[in-house]
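Comments concern the structure below.
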Amino acid sequence: MSLELRPEALDPAALLAALIRGDLPDERGRFGPFGGRFVPETLMPALTRLEQEAAAALADPEFQGALQGELRDWVGRPTPLTPARGLSARWGAEVWLKREDLAHTGAHKINNAIGQALLARRLGAQRVIAETGAGQHGVAACSPSPVPRPPASMPTSRTCASPSSGWNRPMAFEPPPTQANAAS
């Protein structure tokens, strides 16, 4: 089944249901209106296994319970909404700010990283590598977590451009050993 670009096709619940049913990716490898898979053929067996296990995990109430529990108890979900009184008065509309900066690691990236850690544990992965351009996803993937998971690392092609770290020094991040990481 191919989803067309129509309002109901952009509904997150409908997209998740289509993924769980196995309707995504479609016959062209696309995820509704959102791009597709463009990877070397040698990676397809690993991606197929990941896809199958992710679909099973997303349909598993125990997995969902563990994910929601980690997001609530460790990440700090849901993050609060804060009224922006100055902007509201200036713009003549009620403006609220979603405080993603209050989530553990300071951004929304930790949501995906926690799901990945749970999925990696379910798959029996030996190591997690988080490729990233800007670094925030890698930081979230590598951050110490109560979810026992394989060791994570974040190679990146970005460079540090600050005098304190040395100009143009390649960045790499390996998390310090923690009890949660050592147990994986």
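Checking each residue of region 74-94 against the condition of being closer than 23 Å to ALA18 by Cβ and in a helix (DSSP H, G or I) gives no match.
Taking the conditions (1) surrounded by 11 or more Cβ atoms within 10 Å (Cβ to Cβ); (2) modelled with pLDDT under 85; (3) in a helix (DSSP H, G or I) in turn, ALA17 satisfies each one other than (2).
Every residue in region 50-59 that is free of Cβ contacts under 8 Å to residues at least 60 places away in the same chain, within 16 Å of ALA125 (Cα to Cα) and either outside any helix (DSSP H, G or I) or not acidic (Asp, Glu) (or both), please. The answer is GLN52, and nothing else.
May I ask you to verify whether GLU27 is assigned to a loop (DSSP other than H, G, I, E, B), loosely packed, with under 14 Cβ neighbours inside 10 Å and out of contact with any helix residue (DSSP H, G or I) (no Cβ under 7 Å at 6 or more places or on another chain)? Against the criterion (assigned to a loop (DSSP other than H, G, I, E, B), loosely packed, with under 14 Cβ neighbours inside 10 Å and out of contact with any helix residue (DSSP H, G or I) (no Cβ under 7 Å at 6 or more places or on another chain)), GLU27 qualifies. Against the test of being at pLDDT below 85 and crowded, with 18+ Cβ neighbours inside 10 Å, the options ALA120, ALA141, ALA107 yield a single qualifying residue, ALA141.
Checked against the criterion of being over 25 Å from LYS109 (Cβ atoms) and among the charged types (D, E, K, R), region 47-70 contains not a single residue that satisfies it.
When GLU62, GLU27 are screened for being of a type in the set (D, E, K, R) and either closer than 25 Å to ARG121 by Cβ or in contact (Cβ under 8 Å) with a residue 60 or more places away in the chain (or both), only GLU62 passes. The residue list GLY86, GLY115 contains one member that is under 25 Å from ASP11 (Cα atoms) and either at pLDDT 85 or above or not charged (D, E, K, R) (or both), which is GLY115. When LEU97 is tested against (1) modelled with pLDDT of 80 or more; (2) part of a helix (DSSP H, G or I), just one condition goes unmet, and that condition is (2). If you take the residues in region 105-128 that are free of Cβ contacts under 8 Å to residues at least 40 places away in the same chain and closer than 16 Å to ARG49 by Cβ, which one is nearest to the chain's Cα centre (by Cα)? Among them, the one singled out is GLN116.
The values are calculated or read from the model by the stated rules, or taken from the named source; none is laboratory data. Because the structure is predicted, anything quoted here is derived from the model rather than measured. Because the Cβ atoms are built from the backbone with ideal geometry, glycine has one as well, and the counts that use them run over all protein chains shown.
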